[in-house]
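The values are calculated or read from the model by the stated rules, or taken from the named source; none is laboratory data. Here the structure is a predicted model, which is why all the values come from computation and not from measurement. Reconstructed Cβ throughout: ideal geometry from the backbone, glycine too, with neighbour counts over all protein chains shown. We work out accessible area using only protein heavy atoms, side chains counted, and drop any ligands, DNA or RNA first. Shrake-Rupley method; radii C 1.70, N 1.55, O 1.52, S 1.80 Å.
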Number of protein chains: 2
Amino acid sequence: MQAALAEAALAEAADEVPIGAVVVLEEQIIGRGHNRPVATSDPTAHAEIQAVRHAAQQFKNYRLVNAALYTTVEPCLMCMGALVYARVKRLVFGCFDPKAGAAGSLYNIALDTRLNHRLDVTSGVCEEECRMLLQRFFREKRFRHKKEPTD
Amino acid sequence: MQAALAEAALAEAADEVPIGAVVVLEEQIIGRGHNRPVATSDPTAHAEIQAVRHAAQQFKNYRLVNAALYTTVEPCLMCMGALVYARVKRLVFGCFDPKAGAAGSLYNIALDTRLNHRLDVTSGVCEEECRMLLQRFFREKRFRHKKEPTD
């Protein structure tokens with residue numbers, strides 16, 4: 001999770017919502033990603049999608065069987081769908097996202113027996129650190145917005 | 001939808017599940033995509049994701065407000081999530097996908113009032129043509145599999 005937090009810090013430095021993720025296989029990090037939809041003009045460029053793409057391309061296989069994905073925040077629907085398609089075995093995340101989370105908050109995709117793959121999920125790892133990063137980002141954004149009002 | 005079907009034919013020619021999609025804004029096609037997870041070693045390379053990424057990159061904006069996405073098959077969870085994030089206004093699709101569809105079959109993401117965006121959905125456009133393409137692909141795949149058994 002420390003590696004995922006380091007990725008989140010890269011997103012924060014680029015003024016993107018600070019979320020980071022890594023893909024781990026046999027105790028090795030095989031993919032890294034951080035949130036960067038604005039910089040890349042790509043609405044799918046969430047940290048988890050970036051990490052899964054990176055890992056799959058390194059691995060030369062679109063299936064990441066036996067891999068684990070570590071992410072600082074509960075994944076959204078899009079990212080949970082990607083984890084199902086990639087056959088990721090295990091998901092570990094930091095804090096819940098009550099507004100868009102799909103691994104327990106709004107939906108629980110990991111446990112849906114109608115889909116052709118399920119994941120083991122561990123939540124709350126470095127939870128406070130992951131949440132603080134997000135809270136600080138949005139607090140500063142609101143502060144800047146107040147100081148520089150736009151039409 | 002004919003342009004989306006042409007994209008699906010490109011997937012079929014590359015031995016990928018034949019699904020195609022286009023993004024339309026002001027009667028112009030601004031993004032095209034077809035299913036290619038195997039060729040690209042990318043589990044997220046569904047037709048809809050490819051088309052949305054293509055459009056957003058051309059448009060230099062990760063939000064495709066007022067755009068419509070045409071796809072030959074009901075999108076999955078991952079793709080519906082991407083359409084929500086891209087703020088796509090309208091979804092038009094061909095045939096339903098009872099096993100993985102998230103615009104009416106397993107889930108109805110377009111109408112979820114808890115998410116921060118909703119889409120207008122039209123289904124059943126060129127339905128038979130879209131379904132036949134899929135059925136032919138899987139029939140031929142089973143036939144080849146029978147002829148060439150592997151361990």
Checklist outcome for this item: Gyration tensor (Cα only) of the stretch B:76-148 to equivalent ellipsoid, semi-axes in Å sorted down, yields 30, 13, 9
Checklist entry - What is the stretch A:5-151's relative contact order, in percent, from Cα pairs under 8 angstrom and six or more apart in sequence? => result 18
Checklist entry - Put a point 7 Å out from Cα along the line to Cβ at residue B:57; what are the distances to that point in the other copies, in nm, shortest first? => result 1.0
Checklist entry - In whole Å, how far is the Cα centre of the stretch B:100-116 from that of the stretch A:8-55? => result 25
Checklist entry - By its C-alpha gyration tensor, with a ≥ b ≥ c as the square roots of the eigenvalues, how is the stretch A:39-92 shaped: rounded for a/c under 1.5, else prolate for a/b larger than b/c, else oblate? => result oblate
Item to check | Alpha carbon convex hull of the stretch A:9-53, volume per residue in cubic angstrom | outcome: 56
Next on the checklist: Please report the carbon-and-sulfur percent of the accessible area for the protein assembly as shown; probe 1.4 Å, protein heavy atoms only, DNA, RNA and ligands left out.
Outcome noted: 51
Next on the checklist: If the reach is capped at under 19 angstrom between alpha carbons, list the lysines near residue A:60, excluding any in the same chain fewer than eight residues apart.
Outcome noted: A:89
Checklist entry - Using the alpha-carbon atoms, what tilt in degrees (0 to 90, nearest 10) does helix B:127-147 show relative to the longest principal axis of chain B? => result 30
Checklist entry - If you take the square roots of the eigenvalues of the alpha-carbon gyration tensor of the stretch B:26-135 and sort them as a ≥ b ≥ c, do you get rounded (a/c under 1.5), prolate (a/b over b/c) or oblate? => result rounded
Checklist outcome for this item: Shortest first and in nm, the label-point separations between residue A:117 and its counterparts in the other identical copies (7 Å out along Cα→Cβ) come to 2.5
Next on the checklist: Suppose we flag trypsin sites (Lys or Arg not before Pro) only when DSSP calls them loop and at most 14 other Cβ atoms lie within 10 Å. Which is the longest uninterrupted stretch of chain A?
Outcome noted: A:1-59
Checklist entry - To the nearest 10 degrees, how steep is helix A:2-13 against the longest Cα principal axis of chain A, on a 0 to 90 scale? => result 40
Item to check | Assigned charges on the beta-carbon of Lys, Arg, Asp, Glu; the stretch B:25-151 dipole about Cα centre (debye) | outcome: 240
Item to check | Per residue solvent-accessible surface (Å²) - the stretch B:30-151, probe of 1.4 Å | outcome: 50
Item to check | Label spacing, shortest first and in nm, from residue A:98 to its equivalents in the remaining copies (7 angstrom along Cα→Cβ) | outcome: 3.9
Checklist entry - A plus B alone minus the pair: what accessible area, both sides summed, probe 1.4 Å, in Å² to 100? => result 2700
Checklist entry - For the stretch B:96-120, which residues drop by 50 square angstrom or more in accessible area between the chain on its own and all protein chains together (1.4 Å probe)? => result B:106, B:107, B:114
Checklist entry - What residues of the stretch B:47-93 lose no less than 30 Å² of accessible area with every protein chain in place versus their chain by itself (probe 1.4 Å, heavy atoms only)? => result B:53, B:57, B:62, B:77, B:78, B:85
Checklist outcome for this item: Karplus-derived 3J(HN,Hα) from phi for the stretch B:109-114 (6.51 cos²θ - 1.76 cosθ + 1.60, θ = phi - 60°), whole Hz, x at Gly and Pro, runs 5, 4, 10, 6, 6, 7
Checklist outcome for this item: Yeah, the protein assembly as shown with a ≥ b ≥ c from its alpha-carbon gyration tensor (a/c under 1.5 is rounded, else prolate when a/b outruns b/c, oblate otherwise) is oblate
Item to check | Span per principal axis, largest first, for the Cα atoms of the stretch A:1-85 (Å) | outcome: 33, 24, 22
